[in-house]
Amino acid sequence: RNNFEGDAACVALCVALTAGKARSLKVLDLSSNGFGADGAAALAKMLVDLKPPLVELLLGDARLGPTGVGSIADALKKSPIPSLTSIDLFATQPGAAGAEAVTTLLTVVPIASMGLQQCAIGPEGADALGDCLKVRPALVH
């Protein structure tokens with residue numbers, strides 16, 4: 001949390017985690033680190049390549065935007081992590097497109113808690129999430 005700034009640092013961390021085979025990683029807290037879509041793409045690749053047994057993925061206050069959130073959601077759909085029960089996207093600014101990517105993620109990953117405070121998902125993103133919750137009511141927070 002709040003340990004580095006920028007995409008290059010996030011890419012380096014993801015490469016190091018993959019090389020070190022951090023296969024027992026349960027919580028990954030990258031909150032308040034200033035990375036965006038390129039760092040999110042590296043994180044997505046690391047999640048697919050390493051398949052860590054994450055329980056929590058904390059990305060709050062990163063500058064992911066719709067592209068970054070979409071990259072991570074797509075990676076988790078492609079290579080689900082069954083142990084993942086919590087993801088925090090606080091202030092990642094996913095917009096409606098990112099919110100829609102997250103809704104499809106909810107259909108394949110058993111997330112029970114998702115932080116979306118200050119995400120500016122707009123009415124379209126809220127509608128997509130609402131529709132998803134109708135068929136997947138297990139999301140409790």
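Of all residues in the range 64-82, which are assigned to a helix (DSSP H, G or I), over 9 Å from the mean Cα position of the chain (by Cα) and hydroxyl-bearing (Ser, Thr, Tyr)? If the condition is that a residue be assigned to a helix (DSSP H, G or I), over 9 Å from the mean Cα position of the chain (by Cα) and hydroxyl-bearing (Ser, Thr, Tyr), then THR67 is the only one that fits. Sub-6 Å Cβ pairs linking a first residue in the range 71-95 that is touching a residue at least 40 places away in the same chain (Cβ under 8 Å) and closer than 14 Å to LEU59 by Cα to a second residue that is small (Gly, Ala, Ser) and surrounded by 19 or more Cβ atoms within 10 Å (Cβ to Cβ), at least 6 apart or interchain, are ASP88/GLY60; PHE90/GLY60, ordered by first then second residue.
Among the residues that make up the range 31-40, is at least one of them modelled with pLDDT of 90 or more, outside any helix (DSSP H, G or I) and closer than 21 Å to GLU100 by Cα? Scanning the range 31-40, I find at least one residue that is modelled with pLDDT of 90 or more, outside any helix (DSSP H, G or I) and closer than 21 Å to GLU100 by Cα, so the answer is yes. Determine whether the range 87-100 contains at least one residue that is under 18 Å from CYS14 (Cα atoms) and assigned to a loop (DSSP other than H, G, I, E, B). No, because not a single residue in the range 87-100 is under 18 Å from CYS14 (Cα atoms) and assigned to a loop (DSSP other than H, G, I, E, B).
Within the range 42-51, identify whether any single residue is over 12 Å from the mean Cα position of the chain (by Cα), surrounded by fewer than 23 Cβ atoms within 10 Å (Cβ to Cβ) and among the β-branched types (Val, Ile, Thr), and answer yes or no. The answer is yes; a qualifying residue exists.
State whether the residues of the range 14-28 include one that is within 17 Å of LEU116 (Cβ to Cβ) and either assigned to a helix (DSSP H, G or I) or open to solvent by 20 Å² or more (accessible area, probe 1.4 Å) (or both). The answer is no, given that none of the residues of the range 14-28 is within 17 Å of LEU116 (Cβ to Cβ) and either assigned to a helix (DSSP H, G or I) or open to solvent by 20 Å² or more (accessible area, probe 1.4 Å) (or both). In the range 52-65, of all residues being out of contact with any Pro (no Cβ under 8 Å at 6 or more places or on another chain) and of a type in the set (A, V, I, L, M), the one that is most open to solvent (accessible area, probe 1.4 Å) corresponds to VAL55. Screening the range 57-82 for residues that are under 16 Å from ASP29 (Cβ atoms) and out of contact with any helix residue (DSSP H, G or I) (no Cβ under 9 Å at 6 or more places or on another chain) and picking the one that is modelled with the highest pLDDT gives LEU58. Could you look through the range 105-124, keep only residues that are part of a helix (DSSP H, G or I) and of a type outside the set (Gly, Ala, Ser), and pick out the one that is surrounded by the fewest Cβ atoms within 10 Å (Cβ to Cβ)? Per the stated criteria, the residue is PRO123.
The values are calculated or read from the model by the stated rules, or taken from the named source; none is laboratory data. Since this is a predicted model, take the numbers as computed values, not measurements. Please note: Cβ atoms are built from the backbone with ideal geometry, for glycine as well, and neighbour counts cover all protein chains shown. Side chains included, ligands, DNA and RNA excluded: accessible areas come from the protein's heavy atoms. Shrake-Rupley method; radii C 1.70, N 1.55, O 1.52, S 1.80 Å.
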